[in-house]
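First the structure, in the form of structure tokens, and then the observations on it.
Just so it is clear, none of the values below were taken in a lab; they were calculated from the coordinates. These figures come from a predicted structure and were not determined experimentally. As a convention, Cβ positions derive from the backbone with ideal geometry for all residues, glycine included, and neighbour counts pool all protein chains shown.
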Amino acid sequence: MQQVRFEPTFEGWRNAARESLARGLPPEALSWVELTSPQSALDLTSANESHKAAATSSQFRIPRTYIEIAKTVALHSSPRRWALLYHVLWRLTHGESKLLEVPVDPDVIELMQLESAVKKDAYRMRAFVRFRGTRLGEEPWFVAWYEPEHDTLALNQKFFAERFANMRWSILTPARCMHWDGTVITFSPGARKVHAPAGDGVEQLWVEYYSHIFNPARIKPAAMQAQLLKRNWKNLPEAAVIEPLLREAPRRTAAMIARSEFLRVRETDYGLAQPPVGADLQELRSAAAGCRACPLWKTATCTVFGEGPRDAHIVLVGEQPGDGEDRAGKPFVGPAGQVLNDALAQAGIDRRVLYVTNAVKHFKFEPRGKRRMHMTPAQQEIAACRPWLEAELRLLEPSLIVALGATAARSILQTPVRVTQERGRVLKSEFGSTLVTLHPSALLRLPPDKDFRAELDAFVADLRKVRAAA
């Protein structure tokens, strides 16, 4: 048996395969040996003989479909792939030109399985790579650590370059690393996990938010593992909470079912809030604590009223308090509040001079074990609570109102609002000028293909308009 020594890339294998094919060497006569470092020479022939053999190989007609499949299979981690590729190539060029059209052939089945495995691994990389912010010299740089099953970096280079074109980033893997400087993709030798950043503040917010939105009634562990092997979960920021959440899922689902009737309220349970006439902010706050206009008071810890100076020129209106706000009795102190504080600081706005409130004053949620998961307020609940917001705005008479999200905008403007279309615009309401932008919690719900930094910058740009308009 003769050894074929070659560089373990598609191009390296193709050159060696052409030479072997031209010399008429059958698959069973060859042993494929990967070179550990790039070399141009092959053990089969001299340079002159190799040139003649490659020229002779042009007599074979190789299906284009096979070439495309071979490029993908060459990225598989199985050491058998090279022999399989040559075996199929030999059969295609020796009387079985329609071989790839025989789906039950053992060689074709194995070839397609390897191709499918590589494509699935490439998809997983696109879905589960997590970048972490760091710096390279004076420049911001984003680094991700990932452990692919196969060599799918090159297969994904166009995807990542286009999707994250405005970021400078590196994807580190054990085999090799891929880097984007904003202009070109480059590759370097493999790295270790210790070379990647351990985490950042955005990641901590994401993990907390992931824990809050985890739905035990919809969880399918088998499907999760089909998308990403369990041994690779460790590379996800949310990995630390997945196992505890899965263990709690049955109990939390049962609790949701048990509570469903309690949370289902009738339309007749709703009225309108009745703020005291002529009350100041403190008197409004005290009166709101006893509000029973809608059933949300039954499950919330407390009424979360607005907060800020009486002479505030800018009022920020959110949707409703979250879990952290309900426990603290103050608006915007949870994860969304942290994002808001950061954005305000970047926009040059001191939160202490703002009045901050919500369209709905009680926390609407569904229980999941020990956690309480946010639920969007119904229109009836928004309407029931609006007199409190109206009383606040009429008392404050702000120069500008900022509607954070669709619920706040609808409550103020009394019409449905598409935030994506109206954000950044100053609209007229019965209370004065109203600027619409997204709710900071929307930044915590961004899908993996969205750039958090870019979306945060856009939010900050909206807040700079707030400062200018006020």
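What residues qualify as long-range amide H neighbours of residue 5, i.e. H under 5 Å apart, gap of 5 or more or another chain, H built at 1.01 Å from N?
Amide H neighbours of residue 5: 33, 43, 44.
Each label point is 7 Å from the Cα along the Cα-to-Cβ direction; what then is the distance between the points at residue 134 and residue 34, in nm?
Going from the residue 134 label point to the residue 34 one covers 2.6 nm.
Return the FRET efficiency for the residue pair residue 327, residue 395: r is the Cβ-Cβ distance, R0 is 25 Å, and the value is rounded to the nearest 0.05.
After rounding to 0.05, the efficiency reads 0.40.
Starting from the amide H of residue 333, placed 1.01 Å from N in the peptide plane, find each other amide H under 5 Å away whose residue is 5 or more places distant or on another chain.
HN-HN under 5 Å from residue 333: 325.
Could you work out how far apart the two model spin labels at residue 102 and residue 61 are, taking each label as a point 7 Å from the Cα in the direction of the beta carbon, and quote it in nm?
Distance between the two pseudo-spin positions: 1.9 nm.
Just rank 460, 118, fewest to most, by other beta-carbon atoms within 10 angstrom. Before the final figure, lay out the partial values.
Numbers: 460 17, 118 24.
Ordered by Cβ neighbours within 10 Å, fewest first: 460, 118.
Normalized C-alpha radius of gyration of segment 285-412, against 2.2 N^0.38 Å?
Cα-based Rg divided by the globular estimate yields 1.00.
Consider a paramagnetic label point 7 Å from the Cα of residue 461 along Cα→Cβ; state which residues of segment 386-423 have an amide N under 16 Å from it.
Answer for this model: 420-423.
Which of the chymotrypsin sites (Phe, Trp or Tyr not before Pro) found in segment 359-403 are loop residues per DSSP with 12 or fewer other Cβ atoms within 10 Å of their Cβ?
For chymotrypsin sites (Phe, Trp or Tyr not before Pro) across segment 359-403 that sit outside H, G, I, E and B with at most 12 neighbouring Cβ atoms in 10 Å, the list is empty.
Rg and Dmax of segment 341-465 over Cα atoms: what are they, in angstrom?
So, for segment 341-465, Rg and Dmax equal 15.2, 44 Å respectively.
Report the calculated FRET efficiency for residue 427 and residue 194 (r = Cβ-Cβ distance, R0 = 60 Å), to the nearest 0.05.
On the way: r = 52 Å, r/R0 = 0.86.
FRET efficiency, residue 427 to residue 194: 0.70.
Using θ = phi - 60° and the Karplus curve 6.51 cos²θ - 1.76 cosθ + 1.60, what whole-Hz ³J(HN,Hα) does each residue of segment 6-23 get, with Gly and Pro shown as x?
8, 6, x, 10, 4, 5, x, 5, 4, 4, 5, 5, 4, 5, 5, 5, 5, 7
Let me test this: with uniform point scatterers at the alpha carbons of segment 129-195, what is the Debye-based log₁₀ I(q)/I(0) at q = 0.17, 0.18 1/Å?
-0.54, -0.61
Do any trypsin sites (Lys or Arg not before Pro) in segment 303-388 lie in a DSSP loop with no more than 13 other beta carbon atoms within 10 Å, and if so, which?
Working: sites: 310, 327, 351, 352, 361, 364, 368, 370, 371, 372; in loops: 310, 361, 364, 370.
Passing sites in segment 303-388 are 310, 370.
Could you list 355, 66, 146 so that the one with the fewest beta carbons within 10 Å of its beta carbon is first and the one with the most is last?
Least to most surrounded, the residues fall as 66, 146, 355.
Short version: ³J(HN,Hα) in whole Hz for each residue of segment 378-387, in order, from phi by Karplus 6.51 cos²θ - 1.76 cosθ + 1.60 (θ = phi - 60°), x for Gly and Pro, what are they?
Taking θ as phi minus 60°, the curve returns 6, 4, 4, 6, 5, 5, 5, 8, 4, x Hz for segment 378-387.
Would you kindly derive the ³J(HN,Hα) couplings of segment 410-417 from the backbone phi angles with the Karplus curve 6.51 cos²θ - 1.76 cosθ + 1.60 (θ = phi - 60°), listing them in order in whole Hz, with x for Gly and Pro?
5, 5, 6, 8, 6, 7, x, 10
GluC sites (Glu not before Pro), restricted to segment 363-439: which are DSSP loop and have at most 12 other Cβ atoms within 10 Å?
On the way: sites: 381, 390, 392, 422, 430; in loops: 430.
Of the GluC sites (Glu not before Pro), the ones in loops of segment 363-439 whose Cβ has at most 12 other Cβ atoms within 10 Å are 430.
In what sequence do 280, 121 fall when counting other Cβ within 10 Å, fewest first?
280, 121
Give the long-range amide H neighbours of residue 368: residues separated by 5 or more places, or on another chain, with amide H under 5 Å away, using H modelled in the peptide plane at 1.01 Å from N.
Here 373 satisfy the definition.
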